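This report concerns only the one structure given below.
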Amino acid sequence: MTKVDKVIYTDGGQVTVTDSIFHVRKHDYKLDGIIKHGLYVMRPSRLPAILMVLLGLVLMVVGFGGWVPADTMRDIYIGQTAIGVNTMAMAMGGIIALIGVITIGLLKDRYAVRISTAEGERNVVVSSRKEYITQIVDALTTSHYGMPSQPIAAVRF
């Protein structure tokens, strides 16, 4: 980045967009070398968590139906209370299903600034904050075409 470059966007640290350079951490990308750019949504795989919920529900149904033979294993005693194998199946199924539901709730989309160059496509900035990524994409659009694709919203850091 030279001193004559006009700064279009900076996050004050690792990302700067000028009228000729896109600087990310220790890498500089010349804007005329960027073929296209945009916001890319990275969705996490929810399949393992969904399978946990289904497995938990199956265990709960099996335990509730009493389909596990009582002689499969001895009762487990907690204090003076005996807990049967079907009750254990229901409890374990409930715990597994609950863990699956919590996991599904915690999985969040992540967002990336994806650029295409002669070397290929890459996600150069990744964040869970969509507004941050949108600001960078808009700055790149401004540097390429002279105007942002949408109004840039203020984001607190």
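Each reported figure results from applying straightforward, stated rules to the coordinates on display, with no laboratory input. In this text, all values refer to a predicted model and were calculated from it rather than measured experimentally. FYI the Cβ positions are ideal-geometry reconstructions off the backbone, even for glycines, and counts take in every protein chain you see.
Summary of computed values
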item	result
Options Val15, Gly105, Ile83, ranked by Cα towards positive dipole end of the chain, top entry (Cβ charges)	Val15
Solvent-free Debye scattering, log10 I(q)/I(0), computed from the Cα coordinates of the chain at q = 0.15 Å⁻¹	-0.81
Cross-link partners of Lys26 among aspartates and glutamates (Cα-Cα below 16 Å; sequence separation of 8 or more within a chain)	Asp11
Sites Leu39 and Leu98 - FRET efficiency at Förster radius 35 Å, r taken between beta-carbons, to 0.05	0.55
Nitroxide proxy distance, nm - points 7 Å out along Cα→Cβ at Arg129 and Leu106	2.3 nm
The chain - charge dipole about Cα centre, Lys and Arg +1 at Cβ, Asp and Glu -1, debye rounded to 20	240 debye
Distance cut-off 18 Å, percentage of C-alpha pairs in region 47-106 lying past it	41 percent
Folded to 0 to 90 degrees: helix 85-106 orientation relative to the chain principal axis, Cα	10 degrees
Mean ellipticity per residue at 222 nm, deg cm²/dmol - from DSSP H runs of n ≥ 4 across the chain, formula -39500 (n - 2.57)	-12500 deg cm²/dmol
